[in-house]
1. Whether any residue in the stretch 53-65 is surrounded by 20 or more Cβ atoms within 10 Å (Cβ to Cβ) and in contact with a Ser or Thr (Cβ under 6 Å, 6 or more places away or on another chain) is what I want to check.
2. For the stretch 124-140, name all the residues that are part of a helix (DSSP H, G or I) and in contact (Cβ under 8 Å) with a residue 12 or more places away in the chain.
3. Among the helices (runs of 4 or more DSSP H) lying completely within the stretch 1-115, list those that include at least 3 residues that are under 22 Å from A134 (Cα atoms) and at pLDDT below 95.
4. Would you point out which residue out of F149, F162 is part of a helix (DSSP H, G or I) and modelled with pLDDT under 80?
5. What number of residues within the stretch 24-50 satisfy the criterion of being among the acidic types (D, E) and within 17 Å of the chain's Cα centre (by Cα)?
6. Got a sec? Which of I70, I32 is closer than 18 Å to P177 by Cα, in contact (Cβ under 8 Å) with a residue 24 or more places away in the chain, crowded, with 17+ Cβ neighbours inside 10 Å and β-branched (V, I, T)?
7. Within the stretch 13-71, can you find the residues that are touching a Leu at 6+ places or on another chain (Cβ under 6 Å), charged (D, E, K, R) and within 21 Å of F95 (Cα to Cα)?
8. Residues to consider are I62, I70, I14; find the one that is among the hydrophobic types (A, V, I, L, M, F, W, C), over 30 Å from S124 (Cβ atoms) and outside the structural domain of L174 (by TED's automatic domain parsing).
Amino acid sequence: MASNDWPELGRSLIELQIARQQDPLSLTVNAIYGSVLGDLGHTDEAIIQIWKTLELNDSFPIAHAAIAHIYLGNGQTEEAIHHYERVFEIVPSTFYAGYLGHAYARAGRRDEARLLLSQLLDRSGRGEYVSAGAIGWIYLGLEEQDEGFSWLAKAVEQRDVFLTIYGILTNKYLIAPFTGDKRFSELRSKAGISF
C-alpha cells in the first residue's frame, strides 16, 4: 500500500517521525510508528522498528500487539501467536483474548480457540463485561461467519472499542480475509469508517 492510498497515514508517519526526534525512547511513539509503517506496506521496516521497541521494553503490550498483527497478516501465525500470548500474559483483557483466540483458530489450533471463546461466553453469561467484538473475532477465526458477524454487529451497537482502537475494522492485516463479505463493509459503514 502506497502512502498516497491512505494520505492520513502518510501524514501520521511524518508527525510520528517528529515525535521520535523529540522523544526517541518513547515506547508508544516507537510502537505506533512501526505500526503505521506496516499499514503503509513497509512490513520489513515495520517489523524492525517494532523489534527495536521491544528491545527497549519487552513488556510493552502495544508493541507485541502491533507486531502480532503484521505477522498474522503475513500468514506467520505461529509468530503472531507468540506475541498475542505475550500481550495476553501482560494484559489479560477480553480484547487480547479475542486476538489470541482468532490467531489460534487461523493456525488450526481450534481447541485452544474454542477454550478461549468458551471462557469469554461464560464470563459474558455471568454478567461480566466482555467485548462482543472479541467474541465475534474468534468466531470469524473459526470460520463461523454468521456467529462472528452477529457478535460484531452487537459490538458496533455497543460502540465496542475493540472494533476501532483495537483495529478489527481498521487494521488491513486483520481485515484482509473478510473484506469481500458484504456484512463486513456494512459494519464498517455503521461504525462510520470510510477508508
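1. yes
2. A132, G133, A134, I135, G136, W137, I138, Y139, L140
3. Correct list: 27-39, 61-73, 94-106.
4. That would be F162, the only listed residue that is part of a helix (DSSP H, G or I) and modelled with pLDDT under 80.
5. Summing the residues that are among the acidic types (D, E) and within 17 Å of the chain's Cα centre (by Cα) in the stretch 24-50 gives 1.
6. So the residue among I70, I32 that is closer than 18 Å to P177 by Cα, in contact (Cβ under 8 Å) with a residue 24 or more places away in the chain, crowded, with 17+ Cβ neighbours inside 10 Å and β-branched (V, I, T) is I70.
7. Result: D39, single match.
8. Within the list I62, I70, I14, the selection yields I14.
The values are calculated or read from the model by the stated rules, or taken from the named source; none is laboratory data. The model shown is predicted, which means the values in this text are computed figures rather than measured ones. So basically every Cβ, Gly included, is an ideal-geometry build from the backbone, and we count neighbours across all protein chains shown.
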